[in-house]
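Enquirer: This is the structure I have questions about; it appears just below.
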Number of protein chains: 2
Amino acid sequence: MKSEKISELTTSRLSVYLRCLNQLAADGERTVSSEGLAKKFHLNSAQIRKDLAYFGEFGVRGVGYYVDELRDHLTKILGLDRPHNLTIVGAGRLGTALADYYRAAQSNFAVAAMFDADPAKIGTLVGKVEVFDIKNFPEIAERYNIDVAVIAVPAEFAPAVLQQITVSGIKAIMNFAPVPLKAPENVKLKTVDLTISLEGLAYFLAQPSPQNGQRR
Amino acid sequence: MKSEKISELTTSRLSVYLRCLNQLAADGERTVSSEGLAKKFHLNSAQIRKDLAYFGEFGVRGVGYYVDELRDHLTKILGLDRPHNLTIVGAGRLGTALADYYRAAQSNFAVAAMFDADPAKIGTLVGKVEVFDIKNFPEIAERYNIDVAVIAVPAEFAPAVLQQITVSGIKAIMNFAPVPLKAPENVKLKTVDLTISLEGLAYFLAQPSPQNGQRR
DNA sequence: ATATGTGAAAACATTCACAGCT
DNA sequence: AGCTGTGAATGTTTTCACATAT
């Protein structure tokens, strides 16, 4: 157990471990070893032990980890022991798909509201979630106690949307707009760039090495 | 110019640079320095020079990089100088949203076909793209000359879908199912896990440090 | 016997700083 | 004078290997 700063690589692995532990619990497993976990996702067992050891000594030597206990720890560590209210800004194709996706995924994230600038969309429902005018963001975010915002608007509007979100005091933002955004200090911004991920695949295909038998 | 193995971190930055160069070209800029690029995305200029130097000496000392020339190089390096045919497996909410997203993004990725197992969806159109029966994957993939596949099915079906895709000889796969998949050697698999990204935000919110003024 | 927790080593990535070119 | 390309230095992440606990 150390008090260093935890890297993002570690925390996203914790999410993966937790998902796996939920599965193991459902399967009725009582304990699991770091080696057992490691095999499930082609990962090094020392890495798992180290990731967990940042937060405490959860294991028992000679035995492994108790599934239920570790699951509770990770749930708490990841802040998933209490609900989060999500908003999705941008009620276009991607925004509505994300709303549906997050609504369907049973999780502690409730999609509480959506926003758009298009008058035709304002007032409509996506699933059971109302689309509000982006102009009223601060008021609605307050009313619904939003703590996480997802940006799903075209790149050109993203900086302005980010601005509106941050002035409302929201500290956690996920951005799907393909543009580099700079969030204020003490606001966590994660960008997922769907285009760049694809281009990484194109690069791979362009490499000479795997060209044997490759479809062109 | 080295012949080392290029890291994925480098290649995704190349995508970012290319996007920026396209913008600069549209703005009529002739040259740009590594420092100029670096400022745009809060990045170190040495990193940019190093990333580029893996592939050649594209710059001119005392001047910088010629926008058009560097753009051409990066386009070629990333394999974006020729078209790619994309398929999306899973015509649910996420799959159709991704289809629309990639269709709209003007790029070298053409959405050529979609697949699903649900008889109600087979034969329908998403945009102008037909949904085929997943059973016919090999034949249709061949017909449309698919070289990149996107997995957008529920986690439980993802392993079987991966299997079907890889036996068809497709070498580049993007996975949105929240499950750890293992692709064969010489197949590139990228997973984007929308849930894990959110949980990283929850972890951040659960930390004591930024709790001043945070909405709960 | 078995599996954790962790220093030490190795691998990998970023940044510095400057020689060298235009 | 100005900016690249790159070795060297620094920082970060992963893996090894083993003492330590049950």
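Enquirer: Can you find a residue that is more than 12 Å from every other protein chain (Cβ to nearest Cβ), of a type in the set (A, V, I, L, M) and within 16 Å of DNA strand C (Cβ to nearest atom) anywhere in region A:104-116?
Expert: no
Enquirer: Could we say that B:I134 is within 16 Å of DNA strand D (Cβ to nearest atom) and buried (at least 22 other Cβ atoms within 10 Å of the Cβ) here?
Expert: So B:I134 does not fit the description; no.
Enquirer: Based on what the data block shows, is B:F55 in contact with a Pro (Cβ under 6 Å, 6 or more places away or on another chain) and either within 14 Å of chain A (Cβ to nearest Cβ) or near DNA strand D (Cβ under 9 Å from one of its atoms) (or both)?
Expert: no
Enquirer: Moving on. Can you tell me which condition A:I173 does not meet? The list is (1) in contact with a strand residue (DSSP E or B) (Cβ under 8 Å, 6 or more places away or on another chain); (2) in the same structural domain as A:F109 (by TED's automatic domain parsing); (3) open to solvent by 20 Å² or more (accessible area, probe 1.4 Å), and all the others hold.
Expert: If we test A:I173 against (1) in contact with a strand residue (DSSP E or B) (Cβ under 8 Å, 6 or more places away or on another chain); (2) in the same structural domain as A:F109 (by TED's automatic domain parsing); (3) open to solvent by 20 Å² or more (accessible area, probe 1.4 Å), just (3) comes out false.
Enquirer: List the helices (runs of 4 or more DSSP H) inside region A:1-74, counting only whole elements, that have at least 2 residues being near DNA strand C (Cβ under 10 Å from one of its atoms).
Expert: Fully inside region A:1-74 and qualifying: A:34-40, A:45-53.
Enquirer: So B:Q164 clears everything in (1) under 30 Å from A:Y17 (Cα atoms); (2) at pLDDT below 95 except one condition, right? Which one?
Expert: B:Q164 satisfies every listed condition except (2).
Rundown of residues vs (1) surrounded by fewer than 21 Cβ atoms within 10 Å (Cβ to Cβ); (2) more than 14 Å from the chain's Cα centre (by Cα); (3) in the same structural domain as B:N22 (by TED's automatic domain parsing), yes/no style:
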| residue | (1), (2), (3) |
| --- | --- |
| B:E69 | yes, yes, yes |
| B:D72 | yes, yes, yes |
| B:I88 | no, no, no |
| B:L94 | no, yes, no |
| B:A97 | no, yes, no |
| B:D100 | yes, yes, no |
| B:S107 | yes, no, no |
| B:M114 | no, yes, no |
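Enquirer: Could you list, in sequence order, the residues of region B:17-45 that are among the β-branched types (V, I, T) and surrounded by fewer than 20 Cβ atoms within 10 Å (Cβ to Cβ)? Give the derivation first.
Expert: Let us first name the residues in region B:17-45 that are among the β-branched types (V, I, T), namely B:31-32.
Within region B:17-45, B:T31 is the sole residue that qualifies.
Enquirer: Which condition breaks for A:E8 when tested against (1) open to solvent by 20 Å² or more (accessible area, probe 1.4 Å); (2) within 14 Å of B:P180 (Cβ to Cβ)?
Expert: (2)
Enquirer: Step by step: first the residues of region B:143-155, then only those that are within 11 Å of chain A (Cβ to nearest Cβ) and open to solvent by 20 Å² or more (accessible area, probe 1.4 Å), then the one that is nearest to B:D118 (Cα to Cα). Which residue is that?
Expert: B:P154
The values are calculated or read from the model by the stated rules, or taken from the named source; none is laboratory data. These numbers were taken from a predicted model, which means no experiment stands behind them. Neighbour counts run over all protein chains shown; Cβ positions are idealised from the backbone, glycine included. Keep in mind that these areas ignore ligands, DNA and RNA; they rest on the heavy atoms of the full protein, side chains included. Shrake-Rupley method; radii C 1.70, N 1.55, O 1.52, S 1.80 Å.
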